[in-house]
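The structure under discussion appears below in the form of C-alpha cells.
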Amino acid sequence: MSHAVFIQNPKSIYKDRPGVAYHFPKRYLRAVNRCVGEWVIFYESRSGAFGYLSVQRLREVAPDPESEGHYFAWLDPGSEWSFEKVVSRARQDGVAYEKSLRGADGRPMSGGANTAAVRSIGPDEFAAIVSVGLQPLTGSAALPREADEEIVAGPVPGFSDIQMPIEGAPLAGFRREVLTSRKARDQSFARQVKAAYGGRCAISGLDLRNGGGRAEVQAAHIRPVKDEGPDTVRNGLALSGTLHWMFDRGLISVAPDNRILVSHNKVSQEAVRRLIAPEMKLLLPKDPRHHPHPDYLRYHREMIFGQVA
C-alpha cells in the first residue's frame, strides 16, 4: 500500500471522470495498484490550477474495455475532499514537497518525474501536502466577517503546522482518521462554500449577517453525503436556512440552464415570491472553478427533486 499524486488537468486526452475515475496507460499500472484502498492526491499542471487540489481514496483498478493497454482507477466518490487552497509544488522555504521533484538544492526541477502522470509518494510527503491543503482558509481567501475584519480560524484538529521537516517522521503530527472525520469535513466544506459564494445565498441573493458579522448562509451538499456526495465546492451551494431545508427536501432544484425549479404542488407562489430572487436564476460564484458541477445538479433533479416527502 502506498500513496501517489495523480496529474489530472481540465483538458485531457484521457477519459477521466473527475471525482469518479482516473484513466491511465499501462506503464503506471503497478504504481496505481499499490494505492488501492489508500488515499491519493490530485494535481493540476500549468494548464490548470498549477498545484495540488484534493485528496480521495482509490477503490479499485480495472481495464478499459474499449482501449487496450489503458485502465481506470475507480475512486470512492464520497471520499473526495477539496483542499481549502491550491497547494504549490514547494513549501514556503522553496523545497519541493515531493522528493522525486527536488533538484540538488531541494527546489522543484523541470523534466524528469515532472512528466509522469502518476508519481508515488511516501507517507511523510502525503501528510505534508494534505496538512497544508486542509488548513482553514484565512486572509483574503477567507469569507470576511465585517468589511474590515477577516476570519482567523484555528488549525484543523489532527493536522500539523504548515512547516514540516524535510525528512520528518512519517505522518508526524497527522492523524489519518481526520480524512474520514465528518466533523472536520463539514467544517472545511462550509468554509469553502461560503467563501466561494461570498456569504450570499445562491437562490435568494441575500447576504445576511448576524450581530457579529458572520454570514447566515449555510453550506448545502447538492448530492447528499449519504448518497456518496463529495466534500467539494462544486458539490455545494450557499443557501439560507429555509432554502437549504427546501433544497434537501426536494421542494426546489436547479435546471441545466441554472433556472430555479420549484415543486409548485408543494410550494406556494407567495413562498416563491418571498424566498427566491425575482430572476429565478442561480447566483454563481465569481470563480468558474467553483460553479456547481452539472452531474451533481442532475443527480439532485433526478433523485431528490419532487421525490422527498
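The values are calculated or read from the model by the stated rules, or taken from the named source; none is laboratory data. Fair warning: this is a prediction, and the values are worked out from it, not measured in the lab. Here the Cβ positions follow ideal geometry from the backbone for every residue, glycine too, while neighbour counts run over all protein chains shown.
Report yes if I304 is β-branched (V, I, T), farther than 25 Å from P18 by Cβ and touching a residue at least 60 places away in the same chain (Cβ under 8 Å), otherwise no. So I304 fails the test.
When every residue of segment 281-291 is checked against the conditions, at least one turns out to be among the basic types (K, R), free of Cβ contacts under 8 Å to residues at least 40 places away in the same chain and surrounded by 13 or more Cβ atoms within 10 Å (Cβ to Cβ).
Here is a yes/no grid of residues against (1) assigned to a strand (DSSP E or B); (2) modelled with pLDDT under 90:
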| position | (1), (2) |
| --- | --- |
| V156 | no, yes |
| Q163 | no, yes |
| F174 | no, yes |
| K183 | no, no |
| R191 | no, no |
| G211 | no, yes |
| A220 | yes, no |
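Can you find a residue in segment 208-217 that is of a type in the set (V, I, T), surrounded by 14 or more Cβ atoms within 10 Å (Cβ to Cβ) and within 27 Å of the chain's Cα centre (by Cα)? Yes: one or more hits. Which of (1) surrounded by fewer than 18 Cβ atoms within 10 Å (Cβ to Cβ); (2) over 26 Å from H290 (Cα atoms) is the odd one out, the single condition V32 does not satisfy? Against the list (1) surrounded by fewer than 18 Cβ atoms within 10 Å (Cβ to Cβ); (2) over 26 Å from H290 (Cα atoms), V32 comes up short only on (1). Residues of segment 291-309 that are out of contact with any Ser or Thr (no Cβ under 6 Å at 6 or more places or on another chain), assigned to a helix (DSSP H, G or I) and under 16 Å from I203 (Cβ atoms): Y296, L297. Screening E60 on (1) touching a helix residue (DSSP H, G or I) at 6+ places or on another chain (Cβ under 9 Å); (2) acidic (D, E); (3) loosely packed, with under 14 Cβ neighbours inside 10 Å shows it passes everything except condition (1). Does L251 fit the bill of being of a type in the set (A, V, I, L, M), in contact (Cβ under 8 Å) with a residue 12 or more places away in the chain and out of contact with any Leu (no Cβ under 8 Å at 6 or more places or on another chain)? Criteria met by L251.
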